[in-house]
1. Condition (residue is β-branched (Val, Ile, Thr) and modelled with pLDDT under 90) applied to segment 201-213: is it met by at least one residue?
2. What number of residues within segment 134-159 are closer than 16 Å to Pro68 by Cβ and either part of a helix (DSSP H, G or I) or basic (Lys, Arg) (or both)?
3. Would you mind finding the one in Gly51, Gly36, Gly59, Gly63 that is open to solvent by 40 Å² or more (accessible area, probe 1.4 Å), among the small types (Gly, Ala, Ser) and modelled with pLDDT of 95 or more?
4. Test of understanding: among Val90, Val23, Val120, Val110, which residue is open to solvent by less than 60 Å² (accessible area, probe 1.4 Å), under 17 Å from Ala194 (Cα atoms) and touching a residue at least 12 places away in the same chain (Cβ under 8 Å)?
5. Go through segment 180-205 and give me each residue that's over 17 Å from Gly65 (Cβ atoms), crowded, with 16+ Cβ neighbours inside 10 Å and among the hydrophobic types (A, V, I, L, M, F, W, C).
6. What is the number of the single condition among (1) open to solvent by less than 40 Å² (accessible area, probe 1.4 Å); (2) touching a residue at least 60 places away in the same chain (Cβ under 8 Å) that Leu150 does not meet?
7. For segment 71-87, which residues satisfy the criterion of being crowded, with 17+ Cβ neighbours inside 10 Å and of a type outside the set (A, V, I, L, M, F, W, C)?
8. Spot the failing condition for Arg131; the list is (1) over 30 Å from Leu2 (Cβ atoms); (2) at pLDDT 95 or above; (3) not hydrophobic (A, V, I, L, M, F, W, C), and only one is missed.
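The values are calculated or read from the model by the stated rules, or taken from the named source; none is laboratory data. Given the structure is predicted, the values throughout are model-derived calculations rather than measurements. Virtual Cβ from ideal backbone geometry, glycine too; neighbours counted across all protein chains shown. Heavy atoms of the whole protein, side chains included, go into the accessibility calculation; ligands, DNA and RNA do not. Shrake-Rupley method; radii C 1.70, N 1.55, O 1.52, S 1.80 Å.
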Amino acid sequence: MLLLALDTATSAVTVALHDGTSVVASSSQVDARRHGELLLPAVDRLLTETGLRLDAVTGIVAGVGPGPYTGLRVGLMTADTFGLALGVPVYGLCTLDGLAYAADIEGPFVVATDARRKEVYWARYSDSRTRVTGPAVDRPAEIAGAVAGLPAVGAGALLYPDTFPDAHEPENVSAAALASLAAERLARGEELPAPRPLYLRRPDAQVPKNYKVVTPK
């Protein structure tokens, strides 16, 4: 097994290779505006560093968000393209699940990423592998009661200390965590979901409702 994992649902562009037992190599760069520029060079760099060929990959793991439309589609379209070109399966995993897995917190906790517009994408977990609610998108003040007293991880939690006073790193998801979680679930014979995006809200770009009528002179 050789899994190629990638995620562009947060401000991090992150990729990793996993051989079914452990992470072979990983890379993460934080730049919310350059997902499209950074992703493919990062994949190429990992393959070069490890001496592996792309055609050795047996499966693709893609973070499906939740995340903003523009960034998220870069990773998912890339994952689908690799899957088609290589003839290998493409698996989807919730980005928040990857953050929870990397946090490795015992007991209930919250994962929250920055959704912009003064909102967070968030979910509750009973442990690092088990999501119990969400994902959802809300203003931090609106969920203060639901997350009160719980530790939290993620950039969204770190941005709003009034709602998440017990906030910790990791700030962004890592593809290494996604790959490890996917490998673990596949080894147990679990069926991983298809790579379908979790947008949770409409994109910023909208089709105008009323078009201006232009008449010939």
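1. yes
2. So the answer is 3.
3. Answer to the selection: Gly51.
4. Numbers: Val23 fails: under 17 Å from Ala194 (Cα atoms); Val120 fails: under 17 Å from Ala194 (Cα atoms); Val110 fails: under 17 Å from Ala194 (Cα atoms).
Just a single option satisfies the conditions, and that option is Val90.
5. Ala183, Leu186, listed by residue number.
6. Failing condition for Leu150: (2).
7. Gly71, Arg73, Gly75, Thr78, Gly83
8. Of the numbered conditions (1) over 30 Å from Leu2 (Cβ atoms); (2) at pLDDT 95 or above; (3) not hydrophobic (A, V, I, L, M, F, W, C), the odd one out for Arg131 is (1).
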